[in-house]
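Heads up: the structure comes next, in structure tokens.
The values are calculated or read from the model by the stated rules, or taken from the named source; none is laboratory data. All values derive from a computational prediction rather than experimental measurement. Cβ placement follows ideal geometry from the backbone for every residue including glycine, while neighbour counts extend to all protein chains displayed.
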Amino acid sequence: MSGFSDDMPFFDEPGARPPAASGSAGAPSGIAARAMAARQAQNAPPDYLSGLNPEQRQAVETTEGPVLVLAGAGTGKTRVLTTRIAHILATGRAFPSQILAVTFTNKAAREMKQRIAMLVPEAVEGMPWLGTFHSIGVKLLRRHAELAGLRSDFSILDTDDVIRLIKQLIQAEGLDDKRWTPRTFAQMIDGWKNKGLGPEEIPEGDARSFGNGRGRELYRAYQARLTTLNACDFGDLLLHPIRIFRAHHDILAEYHRRFRYILVDEYQDTNTAQYMWLRLLAQRPRASSIQPGEGRARDGAPGDVSPAPAEGQPPQAAVRPVSEDKPTQQINICCVGDDDQSIYGWRGAEVDNILRFEKDFPGATVIRLERNYRSTAHILGAAAHLIAHNEGRLGKTLFTDQPDPDDPKVNVHAAWDSDEEARAVGEEIEALQRRKHALNDIAILVRASFQMRSFEDRFIEIGLNYRVIGGPRFYERQEIRDAMAYLRVVANPGDDLAFERIVNVPKRGLGEAAIRQVHDTARALSVPMLQAAANLAESDELKPKPRAALREVAANFARWQDLLETTPHTELAETILEESGYIDMWKNDRAADAPTRLDNLKELIRSMEDYESLRAFLEHVALVMDADKNEDLDAVSLMTLHSAKGLEFETVFLPGWEEGLFPHQRALDEGGRSGLEEERRLAYVGLTRAKKNLHIWFVSNRRIHGLWQSTIPSRFLDELPEAHVEVNESGSSFGGYGNPYGASRFDNVGSPSGGYAKRGDQGNQAFSSTYATPGWQRARQNRTEATSRNWGTRSGHAVERIGYGEADSGYGAGRGSVKGRTIDGELVAKSVADAPSAFRIGDRVFHMKFGNGNVSAIDGNKLTIDFDRAGQKKVLDSFVTAA
DNA sequence: GGGTGTACATTTTTT
DNA sequence: ATGTACACCC
């Protein structure tokens, strides 16, 4: 139908054009010339190699055979990857189109393209196979769609579409969608697909665990529905090609001939499906059973392998033959990764893939990059000591060539609560700013996004520029998704999900009943809903009003589809949004954000200009996540630790190092030891983002889900080496309250005279010099604002009180009631039982921080207490005792 | 079909 | 505490 194939140069098309835009169709003039030059000048290494250290250079020059590059943080990973590609090209080992280079994110792919362009300018246009797993998957699937039961104009559904679809299926099965939530099932399917499992392959137990044992049927129905919709989800972008490769050896063989070199970025993040996909492509045709489930290795005729020059292959003369002395179809796969930075286990990544590499690819060369160009010796020392607490590593130790005795140690600070934490970080940043430190070179990396809020509040208050990275994405906004739904129906009339989304947006008087009717008709006739709507509009099965509405919708789409051929896509999009009444809908909306939404729609249309066709644009939006950010502004970056991977900053703040938050309680509860190790790797990633200054913070009180919790410092703090760490005792807070893992040097943080924090110490006097600190003033202010009573002149007493008056009984009793789960003797989980509270309304109670108060309401184990001094708070009953 | 009330969940995120 | 999603009622 659509003419999308223009922008996809498939190699086996007649007259396949190699490096198109370079104008070198046929003869690789530019590249070959370069290759010649390179070989003529063999004595002097090409200049792109000259800046590499010996390990990097080895990684670049070991082009043949399987290679694993273990690239620690800041060791020049991307540089190796891009130089390696440049090297392969410059030496004439392959054409750009014969290199498969996969990344996880579009950002990484883009960066790689840019950097290759700097090294080999003429090559990039011809690297059609550099991209994310998913974008390459789409490309493969568009080419062979019919083998997966799809048409090549299939839609790609995002998570939201998938959930809506599954909801329909669950309801169709007569299941309660409260008991069996679509979200849960969508996650299950995602998990199965990550493992490469289709409906028939999932374990019986999994199948039974959902929807009264109907999991397998539901999954099957889901896949059937996708086929009907001519759509696939993200998982299918990998799974369909895998199936096709397995079932059609001739097609796989084509790609075997095609891809001479395979490069994989962030290999530690690959999941099982991606692994299988890579194995299929990298496998030597003759290779026998290497992998369970991968047994059918034999395909392409073993003998024929040697460069059966397909169209567009470099003339043999110009190319150094692919290692004549080695067996044919050499596996030239190079995986780059860092097992210590594997932080995506929760979404299916298998660290094992990287740990197993040498077994998977016998004879592999393993190269370690440990020379770090980013961080100071203190930071590296801290990171190394921390990560050494993990088991099952391949083992690497980062080092730096340039230790500087003036480098600051890693700083650890304590704060009373998250507001004070934000306030103090804000002050530190302002101080840096006065010293001309660029804000762009400062980042705050949090474990969970709710932590960002206190920083945002504070930064707004003091007028500090900041940017949040990884927030709600542009294309996830309602108005964008609506607009996209219109476009999707035009591009793929079978996209019922999109149709349903907008059939009554703006309101056209089509209620649930009318839509159901369209749905049923579509099912009965096995046609898309759009078609069914057109039919219904001509029948008398509906009341006049909805009938007229449907007729108009159907006529509109018919007209738009005609325009698709003749009208530029941006213009078409404008027409659609105008004629559908969608623009007017927002113009008439009095909501405060309506103008913003209109702006977003304009921006959407503007961004379409960057794409050749409607379908190219739709694909971009389906696959690309990036929100455009304002790079010009000098601003502090605020993001989660996960989204910080791969970035670096001069100065990094890591707030929230408290048990339960970091490591996160849920990671511990659900992941046990390996969950803890992943959290530790996350900490490692955080530490290694910093070039020079690193500040870690923890607080003693955090409000989680609306109630106050006392917190204890993260065990990770205890895993930092003293030699590289400086505990900052500027003393604006009350630090830890004892650490269940034994004495911790952080127990005393924040106590000028020390010692109060030790259990049993009578440390009241310790606070005399502390209560007047800004943190306290602020804390007090908050309380005053909240309750405006009982908190004026007696604050001094209150401070003493709150500190440790009867702490032993209070704390001890509270803690003692919480049972913990342990792994190897380490406390890992402390789930609080939902036992009815032992307290009653009106009871006089004591809380270790807020002092005495009266219980005013009880909700399970959550108490609302009117504290004498601290005002009304909600706290867990395990944190108070009868007074 | 739209508006109001209640119930529930709330780590991390890419494609 | 706070937001969202759904159910129910007008």
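What residue, among those in the range A:165-179 that are within 13 Å of DNA strand C (Cβ to nearest atom) and of a type outside the set (Lys, Arg), is surrounded by the most Cβ atoms within 10 Å (Cβ to Cβ)?
A:Ile166
In this structure, is A:Glu612 touching an Asp or Glu at 6+ places or on another chain (Cβ under 9 Å) and charged (D, E, K, R)?
The answer is yes for A:Glu612.
Would you mention how many residues in the range A:685-713 are surrounded by fewer than 24 Cβ atoms within 10 Å (Cβ to Cβ), within 16 Å of DNA strand B (Cβ to nearest atom) and either of a type in the set (Gly, Ala, Ser) or in a strand (DSSP E or B) (or both)?
Within the range A:685-713, residues that are surrounded by fewer than 24 Cβ atoms within 10 Å (Cβ to Cβ), within 16 Å of DNA strand B (Cβ to nearest atom) and either of a type in the set (Gly, Ala, Ser) or in a strand (DSSP E or B) (or both) number 7.
Does the range A:519-534 hold any residues that are assigned to a helix (DSSP H, G or I) and within 19 Å of A:Leu169 (Cα to Cα), and which are they?
Of everything in the range A:519-534, those that are assigned to a helix (DSSP H, G or I) and within 19 Å of A:Leu169 (Cα to Cα) turn out to be A:His519, A:Asp520, A:Thr521, A:Ala522, A:Arg523, A:Ala524, A:Leu525, A:Met529.
Conditions first: (1) under 18 Å from A:Leu497 (Cα atoms); (2) out of contact with any Asp or Glu (no Cβ under 9 Å at 6 or more places or on another chain); (3) away from DNA strand B (no atom under 16 Å from the Cβ). A:Gly198 passes all but one, so which condition is the exception?
Tallying (1) under 18 Å from A:Leu497 (Cα atoms); (2) out of contact with any Asp or Glu (no Cβ under 9 Å at 6 or more places or on another chain); (3) away from DNA strand B (no atom under 16 Å from the Cβ), A:Gly198 fails exactly one: (1).
Before we move on, is A:Ser418 free of Cβ contacts under 8 Å to residues at least 40 places away in the same chain, within 21 Å of A:His664 (Cβ to Cβ) and either crowded, with 21+ Cβ neighbours inside 10 Å or away from DNA strand B (no atom under 15 Å from the Cβ) (or both)?
Against the criterion (free of Cβ contacts under 8 Å to residues at least 40 places away in the same chain, within 21 Å of A:His664 (Cβ to Cβ) and either crowded, with 21+ Cβ neighbours inside 10 Å or away from DNA strand B (no atom under 15 Å from the Cβ) (or both)), A:Ser418 does not qualify.
Inside the range A:373-415, can you point out the residues that are crowded, with 20+ Cβ neighbours inside 10 Å and assigned to a strand (DSSP E or B)?
Within the range A:373-415, A:Val410, A:Val412, A:His413, A:Ala414, A:Ala415 qualify.
Here is a check on your reading of the model: is A:Ala247 more than 16 Å from DNA strand C (Cβ to nearest atom), free of Cβ contacts under 8 Å to residues at least 60 places away in the same chain and either over 25 Å from the mean Cα position of the chain (by Cα) or surrounded by fewer than 19 Cβ atoms within 10 Å (Cβ to Cβ) (or both)?
no
Report the residue count in the range A:133-190 for those that are within 16 Å of DNA strand B (Cβ to nearest atom) and not in a helix (DSSP H, G or I).
11
Looking at the structure I just gave you, is A:Phe649 buried (at least 18 other Cβ atoms within 10 Å of the Cβ), away from DNA strand B (no atom under 12 Å from the Cβ) and in contact (Cβ under 8 Å) with a residue 40 or more places away in the chain?
When the stated conditions are applied, A:Phe649 passes them.
Does A:Trp708 satisfy the condition of being over 19 Å from the mean Cα position of the chain (by Cα), in the same structural domain as A:Trp416 (by the TED database) and away from DNA strand C (no atom under 16 Å from the Cβ)?
no
Any idea which of (1) within 16 Å of DNA strand C (Cβ to nearest atom); (2) modelled with pLDDT of 95 or more; (3) not hydrophobic (A, V, I, L, M, F, W, C) is the one A:Arg666 doesn't satisfy?
Unmet condition: (2).
Since A:Ala514 meets every condition but one in (1) crowded, with 20+ Cβ neighbours inside 10 Å; (2) within 16 Å of DNA strand C (Cβ to nearest atom); (3) under 34 Å from the mean Cα position of the chain (by Cα), which condition does it not meet?
It fails just one condition, (3).
Looking at (1) of a type in the set (S, T, N, Q); (2) away from DNA strand B (no atom under 12 Å from the Cβ); (3) under 26 Å from the mean Cα position of the chain (by Cα), which is the only condition A:Thr227 fails?
(3)
Among A:Asn194, A:Asn230, which is closer than 21 Å to A:Arg347 by Cβ and in contact with a Gly (Cβ under 7 Å, 6 or more places away or on another chain)?
Exactly one of A:Asn194, A:Asn230 is closer than 21 Å to A:Arg347 by Cβ and in contact with a Gly (Cβ under 7 Å, 6 or more places away or on another chain), namely A:Asn194.
Would you mind telling me which numbered condition in (1) more than 16 Å from DNA strand C (Cβ to nearest atom); (2) of a type in the set (S, T, N, Q); (3) out of contact with any Ser or Thr (no Cβ under 6 Å at 6 or more places or on another chain); (4) more than 25 Å from A:Gly392 (Cβ to Cβ) A:Asn693 fails?
The failed condition is (3).
Return the total of residues in the range A:141-164 being at pLDDT 95 or above and surrounded by 23 or more Cβ atoms within 10 Å (Cβ to Cβ).
Within the range A:141-164, residues that are at pLDDT 95 or above and surrounded by 23 or more Cβ atoms within 10 Å (Cβ to Cβ) number 1.
Out of all the residues in the range A:465-476, is one or more of a type in the set (A, V, I, L, M, F, W, C), surrounded by 21 or more Cβ atoms within 10 Å (Cβ to Cβ) and either near DNA strand B (Cβ under 10 Å from one of its atoms) or outside the structural domain of A:Met639 (by the TED database) (or both)?
So far as the range A:465-476 goes, no, none of its residues is of a type in the set (A, V, I, L, M, F, W, C), surrounded by 21 or more Cβ atoms within 10 Å (Cβ to Cβ) and either near DNA strand B (Cβ under 10 Å from one of its atoms) or outside the structural domain of A:Met639 (by the TED database) (or both).
Criterion first (in contact (Cβ under 8 Å) with a residue 12 or more places away in the chain and closer than 15 Å to A:Gly235 by Cβ) does A:Asn212 satisfy it?
So A:Asn212 does not fit the description; no.
Listed residues A:Val489, A:Val527; which is in contact with an Asp or Glu (Cβ under 7 Å, 6 or more places away or on another chain) and more than 11 Å from DNA strand B (Cβ to nearest atom)?
A:Val489
Among (1) in contact with a strand residue (DSSP E or B) (Cβ under 6 Å, 6 or more places away or on another chain); (2) under 18 Å from A:Val652 (Cβ atoms), where does A:Asp417 come up short?
(2)
Restricting to the range A:451-471, what's the tally of residues that are within 13 Å of DNA strand C (Cβ to nearest atom) and without any contact (Cβ under 8 Å) to a residue 12 or more places away in the chain?
Summing the residues that are within 13 Å of DNA strand C (Cβ to nearest atom) and without any contact (Cβ under 8 Å) to a residue 12 or more places away in the chain in the range A:451-471 gives 1.
Would you say A:Val699 is in contact with a Gly (Cβ under 8 Å, 6 or more places away or on another chain) and either in contact (Cβ under 8 Å) with a residue 60 or more places away in the chain or not aliphatic (A, V, I, L, M) (or both)?
Yes, satisfied.
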